[in-house]
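Q: Have a look at the structure that comes next, please.
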Amino acid sequence: MKKIVCAMMSAAIFGSCGNPAEKKEAVAQDSDFQWVVDRFADVEVLRYRVNDFESLSPKQKELIYYLSQASIVGRDILFDQNNRWNLAIRRTLESIYENFDGDKNSEEYKQLETYMKRVWFSSGIHHHYSTDKFQPAFSEVFFKEQVMKLDDSKLPLQTKQTKEEFLNLIVPVMFDPTVYAKRVNQAAGDDIVQTSAANFYRDVTQAEVEAFYEKMKNPKDQRPVSHGLNSRVIKRNGKVTEQVWKVDGLYSDALAQVVYWLEKAQTVAETEEQKAVINKLIEFNKTGDLKAFDEYAILWVYDLNSKIDFVNGFTETYGDPLGMKATWEAMVNFKNEEATKRTEIISANAQWFENHSPVDKEFKKETVKGVSAKVITAAMLGGDCYPASPLGINLPNSNWIRAEYGSKSVTIDNISEAYDNAAQGNGFGEEFVWSDTERELLKNYGLYADNMHTDLHECLGHGSGKLLPGVDPDALKAYGSPLEEARADLFALYYIADPKLVELGIMPNEEAYKAEYYKYMMNGLMTQLTRIEPGKNIEQAHMRNRQTITRWVLEKGAPQGIVELKVRDGKTYVVINDYTQLRGLFAELLNEVQRIKSTGDFEAGKKLIEGYGVKVDPKIHEEVLARYKSLNIAPYKGFVNPVYEPITDENGNIVDVKINYNENYMDQMMRYSKEYSLLPTYNN
Ligand code: ZN
């Protein structure tokens with residue numbers, strides 16, 4: 001259960017749910033808020049609104065300000081983690097952009113601008129989602145000319161390096177598709193350490209890394225630290241060793257700034273518990289001690305009474321082919337009291353859900369512990385949460401901490417709100433939905449049911465089930481991540497249709513879940529393929545999970561007419577004929593996936609994911625891409641942050657913080673690069 005941030009695509013494609021009058025009012029209010037900020041390549045950049053920020057106390061605003069600064073100062077870390085040349089390339093592009101005196105309407109220049117926007121968006125030269133390297137659409141000649149025009153002082157040259165030498169190094173990294181082709185390569189049979197472009201390992205083989213960490217593990221340790229979480233592995237004088245990310249270690253300059261802002265934050269902490277959390281995180285940043293990290297995680301799980309909360313540090317391991325090394329991420333948020341009531345009801349009934357799940361008794365948890373859940377308003381995104389943001393987070397990732405202390409699970413409401421508002425009337429529903437019946441369902445319940453699915457996935461799904469004694473939590477290896485997501489999704493799919501939710505007053509009626517079933521099937525079988533390039537396999541864990549689930553139930557359900565793909569006028573559609581029986585299929589698969597997890601059945605897990613989740617049906621893929629292209633919708637979204645401006649009194653004390661939404665994407669990225677360029681270009 002290592003990988004828990006769930007970044008579902010366009011959560012809300014179909015507009016709002018609920019009371020039409022309420023919706024009208026919301027639209028009127030929103031009319032002067034500019035949701036869409038920029039558009040390039042396959043990306044649309046949106047703006048999120050920090051609802052109710054004004055109603056916070058001055059002290060709470062001050063805390064948010066400090067934490068938001070701590071979120072931006074780590075920005076360079078992720079660039080370097082993603083590839084060792086990313087900072088050099090970013091800084092070179094920015095320098096060309098700033099000093100350019102040629103024709104800004106030329107195609108080459110425009111393409112350079114687009115490429116730079118993509119590098120910012122992905123924190124490097126690899127696509128943020130597919131992790132494939134993307135190619136510049138300007139020429140090598142143009143790029144070299146621009147670099148040669150610049151003064152040496154304006155380029156990130158290494159000591160005694162000439163511009164020619166610099167270009168010889170950097171040009172193939174940018175332009176040669178075979179060099180650093182993939183950031184995270186998980187292809188079975190490859191040395192996934194040596195063939196991945198991420199900067200977590202240098203001059204070591206997969207076998208060497210595995211042996212290195214195997215030696216650290218003590219199978220008898222019931223409370224192991226997350227070995228390897230915060231370090232790069234290198235070979236020095238023939239010996240494999242770690243470079244730890246900490247103050248006075250690797251990434252020191254950025255982490256010292258994180259500490260600086262955290263130290264300010266702890267002076268205005270809301271509670272003693274929160275103060276302890278911040279102080280422990282400061283200690284971890286200073287020492288790099290993974291025991292301190294676990295202590296921090298436990299304090300963080302226990303801090304439930306603070307309105308403001310945050311994530312800041314090395315958290316998720318999607319970026320490491322071996323799933324050990326965490327990328328740096330940050331998010332500052334505060335509780336949305338009204339919406340949180342819904343998730344509290346789910347959490348309060350966690351044991352009921354566990355007891356009644358269609359899973360074999362031996363795989364169920366006798367007591368489901370500490371499933372806390374809340375709906376939050378994001379106030380600042382940083383590192384691996386920026387610009388592309390998750391919609392829900394469930395942390396910490398350490399198995400034993402989750403088992404003994406529970407976890408915190410959040411749904412980020414104002415990010416969904418932004419997706420929803422930006423997607424009004426984009427033609428998606430008309431193109432891909434079978435009939436008005438389904439469109440009506442989606443219109444009425446789509447967004448609500450989708451949020452409910454996320455809540456169930458995060459609050460219950462990831463926390464359910466148990467490993468049998470003696471089963472290695474890493475037994476499923478690379479398949480562990482998609483299988484964990486599949487379990488969480490299936491748990492949510494099973495329960496969203498349960499009359500219990502209507503009884504608890506958190507689903508409007510016994511029809512509403514159908515909106516989620518339809519959307520889920522359509523997404524898994526068809527529309528999520530818009531994110532895959534022709535000829536490519538599915539790599540990303542959540543996407544593998546969704547295709548595995550939907551293709552599996554289609555295979556089982558189509559012969560009985562439960563769910564099918566129908567072609568009308570040359571276009572393929574998902575048609576669900578029997579929602580109740582479809583739920584039965586989800587239950588059957590949930591039971592099997594839980595069995596695989598609980599027993600560590602690697603072969604069965606591999607067969608399931610490889611058999612259903614990896615390969616793409618080329619015919620459907622081609623059709624979906626063509627239909628999607630005609631709609632001209634960007635398949636990926638990301639966000640600009642608001643700008644916080646502290647207001648100080650004559651003594652320099654912060655008395656208030658103003659928020660504004662005026663900054664556009666280019667300006668924000670350039671400003672961040674100027675004000676928060678904290679790391680050296682080359683971090684060795
Ligand atoms: Zn998840």
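The values are calculated or read from the model by the stated rules, or taken from the named source; none is laboratory data. Source: prediction; values computed, not measured. Backbone-built Cβ (ideal geometry, glycine too); neighbour counts: all protein chains shown.
Q: Looking at (1) without any contact (Cβ under 8 Å) to a residue 24 or more places away in the chain; (2) of a type in the set (Asp, Glu); (3) more than 30 Å from Lys59 (Cβ to Cβ), which is the one condition that is false for Glu208?
A: Glu208 satisfies all of (1) without any contact (Cβ under 8 Å) to a residue 24 or more places away in the chain; (2) of a type in the set (Asp, Glu); (3) more than 30 Å from Lys59 (Cβ to Cβ) except (1).
Q: When only residues in segment 452-491 that are part of a helix (DSSP H, G or I) and of a type in the set (A, V, I, L, M) count, which is farthest from the ligand (Cβ to nearest atom)? Quick ask: steps written out before the conclusion?
A: Residues of segment 452-491 part of a helix (DSSP H, G or I): 452-461, 477-491.
Next, only the ones that are of a type in the set (A, V, I, L, M) stay: 452, 456, 460, 478, 483, 486, 488, 490.
Details: Met452: 15, Leu456: 11, Leu460: 11, Ala478: 16, Leu483: 11, Ala486: 10, Ala488: 5, Leu490: 11 Å.
Once the filter is applied, the top-ranked residue is Ala478.
Q: Among (1) touching a Lys or Arg at 6+ places or on another chain (Cβ under 8 Å); (2) closer than 28 Å to Ala422 by Cβ, where does Asp667 come up short?
A: Tallying (1) touching a Lys or Arg at 6+ places or on another chain (Cβ under 8 Å); (2) closer than 28 Å to Ala422 by Cβ, Asp667 fails exactly one: (1).
Q: For Thr437, state whether it is in a helix (DSSP H, G or I) and modelled with pLDDT of 90 or more.
A: yes
Q: Report, by residue number, each residue of segment 601-616 that is part of a loop (DSSP other than H, G, I, E, B) and under 26 Å from the mean Cα position of the chain (by Cα). Full working, then the answer.
A: Our first condition is that a residue be part of a loop (DSSP other than H, G, I, E, B); within segment 601-616, this holds for 601, 615-616.
Across segment 601-616, the qualifying residues are Lys615, Val616.
Q: May I ask you to list the residues in segment 492-502 that are more than 10 Å from the ligand (Cβ to nearest atom) and not β-branched (Val, Ile, Thr)? Steps first, please.
A: Going residue by residue through segment 492-502, those that are more than 10 Å from the ligand (Cβ to nearest atom) are 493-502.
Selection gives Leu493, Tyr494, Tyr495, Ala497, Asp498, Pro499, Lys500, Leu501.
Q: Okay, moving on. For segment 287-315, how many residues meet the condition of being at pLDDT below 95 and not in a loop (DSSP other than H, G, I, E, B)?
A: 2
Q: Out of Val575, Val614, Val593, report the one residue that is closer than 24 Å to Val433 by Cβ and among the hydrophobic types (A, V, I, L, M, F, W, C). Talk me through it step by step, then tell me what you get.
A: Working: Val614 fails: closer than 24 Å to Val433 by Cβ; Val593 fails: closer than 24 Å to Val433 by Cβ.
Checking each option against the conditions leaves just Val575.
To keep it simple, each residue is scored yes or no on (1) touching a residue at least 12 places away in the same chain (Cβ under 8 Å); (2) more than 23 Å from Pro321 (Cα to Cα).
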site	(1), (2)
Val141	no, yes
Val147	yes, yes
Asn218	no, no
Arg223	yes, yes
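Q: State yes or no: is Ser95 buried (at least 23 other Cβ atoms within 10 Å of the Cβ) and either in a helix (DSSP H, G or I) or modelled with pLDDT of 95 or more (or both)?
A: Criteria not met by Ser95.
Q: Hey, another quick one. Before we move on, is Thr114 at pLDDT 95 or above, in contact with a strand residue (DSSP E or B) (Cβ under 7 Å, 6 or more places away or on another chain), surrounded by fewer than 18 Cβ atoms within 10 Å (Cβ to Cβ) and closer than 22 Å to Leu46 by Cα?
A: So Thr114 passes the test.
Q: Could I ask something else about it? Report yes if Ser407 is surrounded by 24 or more Cβ atoms within 10 Å (Cβ to Cβ), within 16 Å of the ligand (Cβ to nearest atom) and either under 20 Å from Glu485 (Cα atoms) or modelled with pLDDT under 95 (or both), otherwise no. Steps first, answer last, please.
A: Working: surrounded by 24 or more Cβ atoms within 10 Å (Cβ to Cβ): yes; within 16 Å of the ligand (Cβ to nearest atom): yes; either under 20 Å from Glu485 (Cα atoms) or modelled with pLDDT under 95 (or both): yes.
Criteria met by Ser407.
Q: Looking only at residues in segment 166-187 that are among the polar types (S, T, N, Q) and more than 25 Å from the chain's Cα centre (by Cα), which one is farthest from Leu112 (Cα to Cα)?
A: The residue in question is Thr178.
Q: Can I ask one more? Is there any pair with a first residue in segment 497-509 that is polar (S, T, N, Q) and a second that is part of a helix (DSSP H, G or I) and at pLDDT below 95 whose Cβ atoms are under 9 Å apart and which are 6 or more apart or on different chains, and what are they?
A: Hits for this filter: Asn509/Tyr445.
Q: Let me ask you something else. Sort out which residues of segment 472-489 are hydrophobic (A, V, I, L, M, F, W, C) and either closer than 24 Å to His356 by Cα or touching a strand residue (DSSP E or B) at 6+ places or on another chain (Cβ under 8 Å) (or both), and write them in order of number.
A: Matches in segment 472-489: Leu483, Ala486, Ala488.
Q: Got a sec? Which of Tyr520, Tyr494 is over 20 Å from the mean Cα position of the chain (by Cα), closer than 29 Å to Ser435 by Cβ and in a helix (DSSP H, G or I)?
A: Within the list Tyr520, Tyr494, the selection yields Tyr494.
Q: Could I ask something else about it? Residues in segment 644-653: is at least one in contact with a helix residue (DSSP H, G or I) (Cβ under 7 Å, 6 or more places away or on another chain) and not in a loop (DSSP other than H, G, I, E, B)?
A: yes
Q: Return the residues of segment 392-401 that are more than 10 Å from the ligand (Cβ to nearest atom), closer than 17 Å to Lys374 by Cα and either assigned to a helix (DSSP H, G or I) or under 14 Å from the mean Cα position of the chain (by Cα) (or both); say none if nothing qualifies.
A: Passing the criteria: only Leu395.
Q: Conditions first: (1) buried (at least 22 other Cβ atoms within 10 Å of the Cβ); (2) at pLDDT below 95; (3) of a type in the set (A, V, I, L, M, F, W, C). Ala21 passes all but one, so which condition is the exception?
A: (1)
Q: So, one more: From Lys619, Lys629, which residue is loosely packed, with under 13 Cβ neighbours inside 10 Å, out of contact with any helix residue (DSSP H, G or I) (no Cβ under 6 Å at 6 or more places or on another chain), part of a helix (DSSP H, G or I) and at pLDDT 95 or above?
A: None of the others qualify; the one that does is Lys619.
Q: Here's another thing I want to ask about it. Quickly run through segment 413-430 and pick out the residues that are within 16 Å of the ligand (Cβ to nearest atom) and either modelled with pLDDT under 90 or surrounded by fewer than 22 Cβ atoms within 10 Å (Cβ to Cβ) (or both).
A: Ser416
Q: Right, something else. Of all residues being touching a residue at least 24 places away in the same chain (Cβ under 8 Å) and in a strand (DSSP E or B) in segment 243-266, which is surrounded by the fewest Cβ atoms within 10 Å (Cβ to Cβ)? Just the residue, please.
A: Among residues in segment 243-266 that are touching a residue at least 24 places away in the same chain (Cβ under 8 Å) and in a strand (DSSP E or B), the one surrounded by the fewest Cβ atoms within 10 Å (Cβ to Cβ) is Val244.
Q: Please go through (1) within 16 Å of the ligand (Cβ to nearest atom); (2) outside any loop (DSSP other than H, G, I, E, B); (3) buried (at least 24 other Cβ atoms within 10 Å of the Cβ) for Val375 and return the number of the only condition it doesn't satisfy.
A: (1)
Q: Working carefully through the options Arg595, Arg583, Arg546, find the one that is within 29 Å of Leu476 (Cα to Cα), within 25 Å of the chain's Cα centre (by Cα), of a type outside the set (A, V, I, L, M, F, W, C) and modelled with pLDDT of 95 or more. Before the answer, list the steps.
A: On the way: Arg595 fails: within 25 Å of the chain's Cα centre (by Cα); Arg583 fails: within 25 Å of the chain's Cα centre (by Cα).
Selected residue: Arg546, the only one of Arg595, Arg583, Arg546 that is within 29 Å of Leu476 (Cα to Cα), within 25 Å of the chain's Cα centre (by Cα), of a type outside the set (A, V, I, L, M, F, W, C) and modelled with pLDDT of 95 or more.
Q: Could you look through segment 460-472, keep only residues that are surrounded by fewer than 16 Cβ atoms within 10 Å (Cβ to Cβ) and of a type outside the set (A, V, I, L, M), and pick out the one that is farthest from Asp191 (Cα to Cα)?
A: Pro469
Q: Could you pull out the residue among Ser123, Ser130 that is surrounded by 19 or more Cβ atoms within 10 Å (Cβ to Cβ) and on the phi > 0 side of the Ramachandran plot? Quick ask: steps written out before the conclusion?
A: Details: Ser130 fails: on the phi > 0 side of the Ramachandran plot.
Criteria check complete, one pass: Ser123.
Q: Which one is farthest from the chain's Cα centre (by Cα) among residues in segment 188-215 that are hydroxyl-bearing (Ser, Thr, Tyr), over 14 Å from Glu242 (Cβ atoms) and crowded, with 16+ Cβ neighbours inside 10 Å?
A: Ranking the candidates gives Thr195 first.
Q: Filter segment 525-546 down to residues that are of a type outside the set (A, V, I, L, M), more than 16 Å from the ligand (Cβ to nearest atom) and in contact with a strand residue (DSSP E or B) (Cβ under 8 Å, 6 or more places away or on another chain) and give me whichever is nearest to Gly611 (Cα to Cα).
A: Out of the qualifying residues, it is Lys536.
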